[in-house]
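What follows is a single structure, written as structure tokens, with notes after it.
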Amino acid sequence: MPKPIRMNHRSWTAAWAVLGAAGLAATAGLNASSAPDPQPENSVSAECAELIAGIEKQLAKVKQKGTGEEVLAFSRLRIGTEDDCDDDLRNHFRGDQ
């Protein structure tokens, strides 16, 4: 039976360092190649745009009066559909547009 080849500690350390560096380089390459696609801009539906315009008018009236009142707005949800203006209201009035 042949004797196995003996390696000293420096050789083992160098081999592990090379394998580690190769793994890091491969991981960085995979992460760079799988960058997420940019999110398309969501357009606001006509119903939500109308609701936002109405709220803007109410805000303008309150500011014009100067009484320090606030405006409370709710989103609408049509029963049986997913047409909710909640996200559009948040995006508009937070300034995320």
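For the stretch 1-35, which residues satisfy the criterion of being aliphatic (A, V, I, L, M) and open to solvent by 90 Å² or more (accessible area, probe 1.4 Å)?
Once the filter is applied, which keeps residues that are aliphatic (A, V, I, L, M) and open to solvent by 90 Å² or more (accessible area, probe 1.4 Å), the stretch 1-35 yields Met1, Ile5, Met7, Val18, Leu19, Leu24, Leu30.
Could you please tell me which pairs satisfy a Cβ distance under 7 Å, a separation of 6+ or placement on different chains, a first residue in the stretch 77-94 that is more than 12 Å from Cys48 (Cα to Cα), and a second residue that is at pLDDT 80 or above?
Listed pairs, sorted by first residue: none to list.
The values are calculated or read from the model by the stated rules, or taken from the named source; none is laboratory data. Model, not experiment: these values are computed from the prediction. Heads up, the Cβs are rebuilt from the backbone with ideal geometry, glycines too, and the neighbour counts pull from every protein chain shown. Only protein heavy atoms, including side chains, enter the accessible area calculation; ligands, DNA and RNA are left aside. Shrake-Rupley method; radii C 1.70, N 1.55, O 1.52, S 1.80 Å.
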